[in-house]
Every structure is written in C-alpha cells, then in structure tokens.
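Below is one structure; the comments refer to it alone.
The values are calculated or read from the model by the stated rules, or taken from the named source; none is laboratory data. Bear in mind the structure is a predicted one, so any value in this text is a computation, not a measurement. Counting neighbours? That spans all protein chains shown, and the Cβs are built from the backbone with ideal geometry, glycine included.
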Amino acid sequence: MAVTECGEIISGASYTLQEFMRRTGMKRDAMRTARRNGLRVQYLHARGFVLGKDWLDYLNQQALKQS
C-alpha cells in the first residue's frame, strides 16, 4: 500500500506517536523496528511522543551505519 500523505518533521517540535506515524508513513511494525534500533520515544501521562530532533538524529545514525 502506498503512502498517500506524509508531512514534515521539524527538529524543534514534538509529535504524538499517532501524528508521528502519520507524518512519516510508518506503520506499527516499522515503528517497533525503529525503536529497537534506537529511536527514542518519550512518555508523559501515558502518552508517547517523538521529538523531531530524535527522529533526525536517528536518521543520521542509520545513514552512518549503512555507509
């Protein structure tokens, strides 16, 4: 299934897990894999959040592993 709509992730912003997954087009299994590989998720009042900075750091980390 193709991703029909993705959004921008801004370094200084925070996103609920649901919003983050919608913006990146990631499904549950892909999110689980990213978390296992180092993507940080912050919890506050039983809600998960991803910081834009953590996502960009994660992308850079993965790019370095592949090169």
Worksheet item: Taking segment 20-67, which residues are loosely packed, with under 15 Cβ neighbours inside 10 Å and acidic (Asp, Glu)?
Response: Asp29
Practice prompt. Can you tell me which residue within segment 46-67, out of those that are charged (D, E, K, R) and at pLDDT 95 or above, is nearest to Ile9 (Cα to Cα)?
Written response: Lys53
Worksheet item: Is there any pair with a first residue in segment 5-24 that is under 18 Å from Asn60 (Cα atoms) and assigned to a loop (DSSP other than H, G, I, E, B) and a second that is modelled with pLDDT of 95 or more and of a type in the set (Phe, Trp, Tyr) whose Cβ atoms are under 8 Å apart and which are 6 or more apart or on different chains, and what are they?
Response: Ile9/Tyr15; Ile9/Phe20; Ile9/Trp55
